[in-house]
Amino acid sequence: MSTKQKINSQIFQDSNDIFYPKDEIEVSDLVKDFYKKNSSIELTGTNSKNFIGNKTQAANKVSLSKLSGIIEYLPEELYIKVKACTPMKEIEEALDKNNQELAFEPLDFGYIKNGKTNKGTIGGYLSCNYAGSRRFKVGSVRDHVLGFRGVNGKGDIIKSGGTVVKNVTGYDLSKLISGAFGTLVALTEITLKVLPKKQLSNTIVIKVDDRKKIYDFFDKIASSSSEITGAVFLPDEPDDGMFVKNKETIFKFNDLDFTGSYLALRLEGDKVSINEKTKKITKELDLNKFKIAILDNYQSSPFWKKINNLELFQNTKNNLLRIVIEPANGSEMMSYLGNKFKYYIDWCGSLFWVEVPPKKNNKVSEIKKKSIELGGYMTIVKTSEEYDYEETIFTVEPVRLMISEKIKKSFDPKRIFNPGKMYRGI
Amino acid sequence: MTQIALPKIDRSIVSRKDEIVKSLSKLTNSENVLSHADEIKPYETDALAVYTQTPLAVVLPENTSEVSEILKYCYEENIKVIPRGAGTGLSGGALPLQDAIVLGLGKFNKILKIDFENRCVVTQPGVTNLGITHAVQHKGFYYAPDPSSQLACSIGGNVAENSGGVHSLKYGTTTNNILGVEMVMMDGTITRIGGKSFDQEGYDLMGLICGSEGLLGVVTEVTVKILKKPEVVKAALIGFPSIQEGGDAASEIISSGIVPAGMEIMDKALIDATDNFSKAGYPRDAELLVIVELDGTESEVNELLKKVSEIAKKNNCSSLKLSKNEKERLSFWAGRKAAFPACGAMAPDYYCMDGVIPRGKLSQTLLEIQKLSKKYNLPVANCFHAGDGNLHPLIMFDGSDKEQLRKTEEFGAEILKTCVRLGGVISGEHGIGIEKRELMCEMFNDKDIQQQLDIKQSLDEKNLLNPGKVYPILKKCVEEGRVHVHKTENKFPDLPRF
């Protein structure tokens, strides 16, 4: 038995042959060993988001879930340093005690997976780089990562960044590993920027029947100086009784006293500033001409949680598409989707979540084409069981793929991390 | 003059100068290729003027396909290329090499599209940072990152250095404010990354390019996000009798949950220098001056100013002024904005450092810098972007005195090592360039640096694009230490490249 094999034999392996390294050194030893053997690895955390991306055909499974715990949290320095698989719940609870938060609003993918909350780990959030409703104001997950440590495909422990917000010391690898779906580095430590929580939130819900008005609203909201931190449109489309009923059940609030399609926008701050912003935006959007409802803090917070839990699509057995386009092209995307699909629009008009039932699998390619035409991209976040993979999960054009292949090689020359998870050849 | 190790010169390239100039002249208008000594003189340095080097030639292409053709030619002929924006960089990132051409993007000076509907501007890289704001301010928009050189620095250079400014804590740096770039790789391949929509799927190549100091590709177009101007902006000008009390107040402002749009600190030396220079009306009795800028709605800003005032008083401030109008707010900034010329007026030369520290370590850092100032017997003035921890000590010296220059560089390096020791980094916004190359080993070990070099190698396998910058040129970090070569010795010592 070689020394390396001996080391591996000491790393805990469960009955499904999954390795559970307990620290960075063990991760490094494992990867060095697999590197030598040319043997591929599927990297996982706690599996809350493992349905996203292509199925990896790897010889081994390594769970990083034992790398968990807060290493250092300095509220006054506005950062938290954690082990890579620290549960998001634990991080949010710690921040909450100090009235701070991760401003990118982590989505909860548990609801679409099986109808229950499961935020998984911070490593998963970083690997997917999917931000919640506040994205158009504060940036994505990648904009809140200050630094990381991890193990590359050769087994070398590497780091980049630090704990400060301004940092130009070498390439910004924190950005590169965000959204890389574990294909570049096995993450071991992550440092995140944290921000103070806003005292209160209020939501103005506007009943809008005229589809043409939606993007007029979004445009004014995005161009307002009222610092609106959420803007979402929930249509009563398609003409599907179940969808509408589901929407009404999920978004049932005391002060939301109307049904039908509506646009909701969020104002945050203290009481006085919220009142001031409400007045201003009422004027800017000419809201006196519309039926509106105002959700106070007790209703506003759960409203946005439900949006960021993707609860409209909970337990979905269909394909779920995430489409990001130029906001100015949103109207066109809306008319394209028309009455044919269940969808809603977030990020003040930039992000569409669209559900496509298996019987319409052939429409997926068409929607992707449209997304690209409208200056964006489409990801199939969840596939139905019957999905035939005729259209790829991710979108990439040839030159970018070529560059991505080169970068992949520089981190993981033997392609042992999550092969095929993103693209063929990566 | 102090000299620094640069990559080995390829004499065969130097000897082919005429032929290379001729070939380049076929790839762009021949007037765009400069090769006579007096023509290329302005390109022999950037804003780190202590280092100079005449390049082989300077090429000023006019469009992306010319950039692509030029890079392809250089790639095939193994000619090194130094990309250059406005040349305002402070870390020597655009320092030429004797056997390299300088690729100047000065002719890329047009704004291509102002798109209010998508709240972005598509621009060529040679447009100045402030030029973007000027183009959109009539509709109440602006481009957020505001490096102090914004009047002159180009947006392409901002992408290369991931420039920040005084509002970075709240509004981020360049990397958080761009949506897309068009870029040409060293082999001439043209690629577009991002566009007008958020978060491009796949590897975040834009995040990688931003701050890569011209080592990975040449940016030929940038799409930047524009923001609506905040409704109200007000500032507080607060004097403190000691470094400790001022530093504590700044930390407390952040930890109390306030995110100021900007928070600047100046020490006694800089208060005096700038007040003499610009007659800003700063409190001369203060040891530390803090400017806190807040933006938002009227009531929000007033409420925050109240909180800031309470914290200032609690920490024993010696003076406190709140801006009553826009004119007064701008007057608070007048001195701070004149920090560099004010230091320039006090000594023949000044050396601007760019470290970052955790905010809470401000007092400790300033006290350590004071000690070092005594040790090296060189005056130093400090300004500090307290919101984001970015410290700019300005060391004043006489560059004609070689000994002073040597001491200045040592002093600067020691300040940056102190930053790293206290949990910070060696560059917040000026980049590494050639200036802090060897100090990278203070932050990173061989494995960390090797990974970065592997990325460079993967995108520029012949190491032709801006070689010799950012990464230590000596073989390993253990050989760390700034390299000084006297003029009498070989100008570019034959050292193994990393």
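The values are calculated or read from the model by the stated rules, or taken from the named source; none is laboratory data. Keep in mind it's a predicted model, so treat the numbers as computed, not measured. No Cβ is skipped: glycine too gets one built from the backbone with ideal geometry, and neighbour counts run over all protein chains shown.
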### Query
All but one of (1) within 23 Å of A:Val138 (Cα to Cα); (2) more than 14 Å from every other protein chain (Cβ to nearest Cβ); (3) not β-branched (Val, Ile, Thr) hold for A:Pro235; which doesn't?
(1)
### Query
Restricting to the range B:172-212, what's the tally of residues that are under 17 Å from the mean Cα position of the chain (by Cα) and either in the same structural domain as B:Gly296 (by TED's automatic domain parsing) or under 30 Å from B:Asp295 (Cβ atoms) (or both)?
11
### Query
In the range B:167-202, which residue that is facing another protein chain (nearest Cβ under 10 Å) and of a type in the set (Asp, Glu) is surrounded by the most Cβ atoms within 10 Å (Cβ to Cβ)?
B:Asp199
#### Entry: Positions within the range A:324-378 being of a type in the set (Val, Ile, Thr) and either under 23 Å from B:Thr223 (Cα atoms) or assigned by TED's automatic domain parsing to the domain that holds A:Trp304 (or both), in sequence order
A:Val324, A:Ile325, A:Ile372
#### Entry: Positions within the range A:406-422 being in a loop (DSSP other than H, G, I, E, B) and either more than 8 Å from chain B (Cβ to nearest Cβ) or of a type in the set (Asp, Glu) (or both), in sequence order
A:Asp412, A:Pro413, A:Lys414, A:Arg415, A:Ile416, A:Asn418, A:Pro419, A:Gly420, A:Lys421
### Message
What's the total number of residues in the range B:389-432 that are part of a helix (DSSP H, G or I) and either free of Cβ contacts under 8 Å to residues at least 12 places away in the same chain or under 20 Å from B:Glu264 (Cα atoms) (or both)?
### Response
5
### Message
I need a count of the residues in the range A:55-99 that are outside any loop (DSSP other than H, G, I, E, B) and of a type in the set (Ser, Thr, Tyr).
### Response
3
### Task
Output the residues belonging to the range A:38-68 that are surrounded by fewer than 19 Cβ atoms within 10 Å (Cβ to Cβ), of a type in the set (D, E, K, R) and touching a helix residue (DSSP H, G or I) at 6+ places or on another chain (Cβ under 9 Å).
A:Lys66
#### Entry: Scan of the range B:203-248 for residues that are facing chain A (nearest Cβ under 8 Å) and farther than 22 Å from B:Ala160 by Cβ, ordered by number
B:Lys228, B:Lys229, B:Pro230, B:Glu231
### Message
Condition first: within 19 Å of A:Phe104 (Cα to Cα), touching a residue at least 24 places away in the same chain (Cβ under 8 Å) and buried (at least 16 other Cβ atoms within 10 Å of the Cβ). Can you find one or more residues in the range A:249-260 that meet it?
### Response
no
### Task
From the list B:Phe384, B:Phe444, pick out the single residue that is of a type outside the set (S, T, N, Q) and within 17 Å of the chain's Cα centre (by Cα).
B:Phe384
### Query
Which numbered condition trips up A:Glu76, out of (1) in the same structural domain as A:Thr163 (by TED's automatic domain parsing); (2) buried (at least 17 other Cβ atoms within 10 Å of the Cβ)?
(2)
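For the range B:420-427, check the following and say yes or no: at least one residue is surrounded by 21 or more Cβ atoms within 10 Å (Cβ to Cβ) and more than 9 Å from every other protein chain (Cβ to nearest Cβ).
Looking for residues that are surrounded by 21 or more Cβ atoms within 10 Å (Cβ to Cβ) and more than 9 Å from every other protein chain (Cβ to nearest Cβ), one finds none in the range B:420-427, hence no.
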### Message
touching a Leu at 6+ places or on another chain (Cβ under 7 Å), at pLDDT 95 or above and at negative phi: is that true of A:Phe218 in this structure?
### Response
no
#### Entry: Top-ranked residue of the range A:395-405 - restricted to ones that are facing chain B (nearest Cβ under 7 Å) and assigned to a helix (DSSP H, G or I), ranked as farthest from A:Ser40 (Cα to Cα)
A:Val399
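Quick one: in the range B:253-263, of everything that is over 21 Å from B:Leu227 (Cα atoms) and touching an Asp or Glu at 6+ places or on another chain (Cβ under 8 Å), which residue is farthest from the other protein chains (Cβ to nearest Cβ)?
Of everything passing the filter in the range B:253-263, B:Ile254 is farthest from the other protein chains (Cβ to nearest Cβ).
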### Message
Would you confirm, using the coordinates I've provided, whether B:Gln404 is modelled with pLDDT of 95 or more, in contact with a Phe, Trp or Tyr (Cβ under 9 Å, 6 or more places away or on another chain), polar (S, T, N, Q) and crowded, with 17+ Cβ neighbours inside 10 Å?
### Response
no
### Task
Determine which single condition A:Thr379 fails, assuming it passes every other condition in (1) outside any strand (DSSP E or B); (2) facing chain B (nearest Cβ under 9 Å); (3) buried (at least 19 other Cβ atoms within 10 Å of the Cβ); (4) not charged (D, E, K, R).
(1)
### Summary
Scanning the range B:138-152 for residues that are surrounded by fewer than 24 Cβ atoms within 10 Å (Cβ to Cβ) and away from chain A (no Cβ under 14 Å) gives B:Ser149, B:Gln150, B:Leu151, B:Ala152
### Query
Inside the range A:127-154, can you point out the residues that are assigned to a loop (DSSP other than H, G, I, E, B), more than 10 Å from chain B (Cβ to nearest Cβ) and closer than 22 Å to A:Thr188 by Cβ?
A:Gly153
### Summary
Of the residues in the range B:87-134, those that are modelled with pLDDT of 95 or more, closer than 16 Å to B:Pro147 by Cα and assigned to a loop (DSSP other than H, G, I, E, B) number 3
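Do we find that A:Leu256 is over 30 Å from A:Asn50 (Cβ atoms), more than 9 Å from chain B (Cβ to nearest Cβ), assigned to a loop (DSSP other than H, G, I, E, B) and aliphatic (A, V, I, L, M) in this structure?
Yes: the conditions hold for A:Leu256.
To keep it simple, each residue is scored yes or no on (1) in the same structural domain as A:Trp347 (by TED's automatic domain parsing); (2) at pLDDT below 95; (3) touching a strand residue (DSSP E or B) at 6+ places or on another chain (Cβ under 8 Å); (4) closer than 20 Å to B:Asn118 by Cα.
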| position | (1), (2), (3), (4) |
| --- | --- |
| A:Ile214 | no, no, yes, yes |
| A:Ile228 | no, no, yes, yes |
| A:Asp236 | no, yes, no, no |
| A:Val244 | no, yes, no, no |
| A:Asn254 | no, no, no, no |
| A:Leu263 | no, no, yes, yes |
| A:Glu268 | no, no, yes, no |
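Select from the range B:326-368 the residues that are crowded, with 23+ Cβ neighbours inside 10 Å and part of a helix (DSSP H, G or I) and list them in ascending order.
Correct list: B:Phe332, B:Gly335, B:Arg336, B:Ala339, B:Ala342, B:Cys343, B:Arg359, B:Leu362, B:Thr365, B:Leu366.
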### Task
Being under 20 Å from B:Gly433 (Cα atoms) and within 7 Å of chain B (Cβ to nearest Cβ) is the filter; apply it to the range A:166-194 and report the residue that is nearest to the chain's Cα centre (by Cα).
A:Asp172
### Query
Is it true that A:Tyr343 is part of a strand (DSSP E or B) and touching a helix residue (DSSP H, G or I) at 6+ places or on another chain (Cβ under 7 Å)?
yes
### Message
What pairs come out if I take residues in the range A:280-291 that are within 13 Å of chain B (Cβ to nearest Cβ) and pair them with residues that are surrounded by 15 or more Cβ atoms within 10 Å (Cβ to Cβ) and β-branched (Val, Ile, Thr) whose C-beta lies under 9 Å away, six or more apart or interchain?
### Response
A:Lys280/B:Thr297; A:Ile281/A:Ile204; A:Ile281/A:Ile221; A:Ile281/A:Ile228; A:Glu284/A:Ile221
